[in-house]
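The structure appears below as structure tokens.
The values are calculated or read from the model by the stated rules, or taken from the named source; none is laboratory data. Remember, it's a predicted structure, so these values are computed and weren't measured experimentally. All Cβ positions, glycine included, derive from the backbone under ideal geometry; neighbour counts span all protein chains shown.
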Amino acid sequence: MSARKVIVTNNRIDRIVVVGGGTAGWMAAAAFSRYFDNGRRKIIVVESDAIGTVGVGEATIPAIKGFNAMLDIPENEFLRETRGTFKLGIEFVNWGRQGDRYIHPFGAFGTDLHGIPFHQLWLREHARGGGGDITDFSMSAAAAALGRFGRPAVGARPPVSEINYAFHFDATLYAAYLRRLAERQGAIRQEGRIVKVHRDGESGDVTSVELEGGRLVEGDLFLDCSGFRGLLIEDALETGYEDWSHWLPMDRAIAMPTANRSSPDPFTRATAHAAGWQWRIPLQHRTGNGHVFCSAFMQEDEAERILRDTVEGEELADPRLIRFTTGMRRKAWSHNVVSLGLSSGFIEPLESTSIHLVQNGIARLFGLFPEKDISPVERDEYNRGMREIYEDVRDFIILHYKATQRDDTEFWRSVRDMDIPASLARKMELWRLHGRVFRENAELFTLPSWVAVMLGQNVWPERYDPIADTLDENRVAQAMEKMRAGYRQTAQQLPPQEQFLRSANAWAVSDEMPLSMGVAR
């Protein structure tokens, strides 16, 4: 029996048009110009200088390292160009109860023993009156607590190898950096404001966008990176938006940068207030601050007052108000338009997932890149995958509000008592019974993340997993103490973050005196 030949056609997509710049647009342009420009295919970015970008995504999760590596971006150069710092996790203040403080670190807690999850052994030891704090068993948390950092070398051994990290960076500088990279790789930037979208009368596909002055930019595939408006995916295609504000009622954010008063910390801070929370993101040249709040429980002037009263350092710009509705498009990909970033949906930046959702969308499109005759099956698979990750992130963010004991304001009583998605309710019940967490599908947040938030916000299981009793208590206690000492001693030997950045030539201005020496900037 002869083998069947693969069909070769001229149905290839040759013109990819990215509508909108900003972080999402230039991430897409940099990735597609590197891997899809074969000399015939064109990557065109339509961007208007007159239209601003939101630019609140200055904190990331560790997956960003993979995206930068895919583009062969040198890490130290990236940090210099974006005024970036390292991020070992997120410190949460006042979330379980007022006065509480915990860290959600990157990386694992301890080492599993004989296949038994470490946190189950820790729960057993805690029930015996020992164990300390579970963050004592995280290399990233131990380093963050001391303001120190070390980048594991290839082949590093534990516990140094257990350091996991992401970045804080200036999103505007990152977009500019990616633009330079994309243009070197052949991407073409077209300046102009889009005034009309043209569609095929039969298929409904977008054929071109029309700029002021009448110029048409034609394409085979369009990537909508136009922000909350969704110029193509919503204005033109009317895809629809799924509103999640009944679970995540935040709908405003006030952002404001301040001058650094001290050397930057290697972690993000999220401080809960009366009807929302405040972010603090330390960069090399400034600190990013913002107050995310629910307008049904707090007025804008009150939210701004709280932000101004609680930031550290001199204000560098006037506060900027951002309005949003948490949720996602009913279809991230409709016809020949794929939405990325804010065009696709928005989940508040509590766990720094916005840039990762862009990255994930690009990766999925790589895996399902179409021909001109787009297969509905492949398009549906893309939409299924994007819905899955958005809902996973949604549930994890809801957990932070639901898992609270605060009753000091109407807002906290409301979110504490709200109904939650069945998918999250199931996870919380499995945790309540025996502290079990099961990762489903390609879920973004793994077991250590759920453990960190549950325990950090005082949600304790009724019992530990009985499988933990199969190991000798004294031997486990000795092994745990050895682990804890190793994390503590290793963290003490690491340099302060700023010293590390400067020694690695990753600090933007090498001749400037360190902030740790008390020199104002």
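A quick yes/no check of all residues on (1) in contact (Cβ under 8 Å) with a residue 12 or more places away in the chain; (2) part of a helix (DSSP H, G or I); (3) surrounded by fewer than 20 Cβ atoms within 10 Å (Cβ to Cβ):
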residue	(1), (2), (3)
D373	yes, no, yes
V377	no, yes, yes
T404	yes, no, no
D407	no, no, yes
D419	no, no, yes
A442	yes, no, yes
F445	yes, no, no
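Of all the numbered requirements in (1) part of a helix (DSSP H, G or I); (2) touching a residue at least 12 places away in the same chain (Cβ under 8 Å), A425 misses one, and that requirement is (2).
A single entry from P370, P349 fulfils the requirement of being at negative phi, over 16 Å from the mean Cα position of the chain (by Cα) and not charged (D, E, K, R): P370.
To keep it simple, each residue is scored yes or no on (1) surrounded by fewer than 23 Cβ atoms within 10 Å (Cβ to Cβ); (2) among the aliphatic types (A, V, I, L, M); (3) modelled with pLDDT under 95.
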residue: D243; (1), (2), (3): yes, no, no
residue: W247; (1), (2), (3): yes, no, no
residue: T258; (1), (2), (3): yes, no, no
residue: S262; (1), (2), (3): yes, no, yes
residue: P266; (1), (2), (3): no, no, no
residue: R269; (1), (2), (3): yes, no, no
residue: A274; (1), (2), (3): yes, yes, no
residue: W279; (1), (2), (3): no, no, no
residue: P282; (1), (2), (3): no, no, no
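Pick from F67, F109, F92, F86: which is touching a residue at least 12 places away in the same chain (Cβ under 8 Å), within 21 Å of the chain's Cα centre (by Cα) and assigned to a loop (DSSP other than H, G, I, E, B)? Steps first, please.
Details: F67 fails: assigned to a loop (DSSP other than H, G, I, E, B); F92 fails: assigned to a loop (DSSP other than H, G, I, E, B); F86 fails: assigned to a loop (DSSP other than H, G, I, E, B).
Unique residue meeting the criteria: F109.
Tell me which residues, restricted to the range 423-441, are acidic (D, E) and under 14 Å from D392 (Cα atoms). Please lay out each step first, then the result.
Step one: of the range 423-441, the residues acidic (D, E) are 429, 440.
Correct list: E440 only.
If you scan the range 493-509, which residues turn out to be surrounded by fewer than 16 Cβ atoms within 10 Å (Cβ to Cβ) and either part of a helix (DSSP H, G or I) or modelled with pLDDT under 50 (or both)? The answer is Q493, S503.
Just to check your reading of the model, which residue among R323, R394 is more than 23 Å from T172 (Cα to Cα), charged (D, E, K, R) and at pLDDT 95 or above?
Sole residue among the options that is more than 23 Å from T172 (Cα to Cα), charged (D, E, K, R) and at pLDDT 95 or above: R394.
The residues of the range 112-134 include none that are part of a loop (DSSP other than H, G, I, E, B) and touching a Pro at 6+ places or on another chain (Cβ under 9 Å).
Rundown of residues vs (1) closer than 30 Å to E473 by Cβ; (2) in contact with a helix residue (DSSP H, G or I) (Cβ under 8 Å, 6 or more places away or on another chain), yes/no style:
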position: Q120; (1), (2): yes, yes
position: D136; (1), (2): yes, yes
position: R151; (1), (2): no, yes
position: T172; (1), (2): no, no
position: L211; (1), (2): no, no
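Would a scan of the range 319-328 turn up a residue that is assigned to a helix (DSSP H, G or I), in contact with a Ser or Thr (Cβ under 9 Å, 6 or more places away or on another chain) and buried (at least 16 other Cβ atoms within 10 Å of the Cβ)?
Within the range 319-328, the subset assigned to a helix (DSSP H, G or I) is none.
Checked the range 319-328: no residue is assigned to a helix (DSSP H, G or I), in contact with a Ser or Thr (Cβ under 9 Å, 6 or more places away or on another chain) and buried (at least 16 other Cβ atoms within 10 Å of the Cβ).
For the range 447-480, taking the residues that are among the hydrophobic types (A, V, I, L, M, F, W, C) and assigned to a loop (DSSP other than H, G, I, E, B), the one that is surrounded by the fewest Cβ atoms within 10 Å (Cβ to Cβ) is identified as W460.
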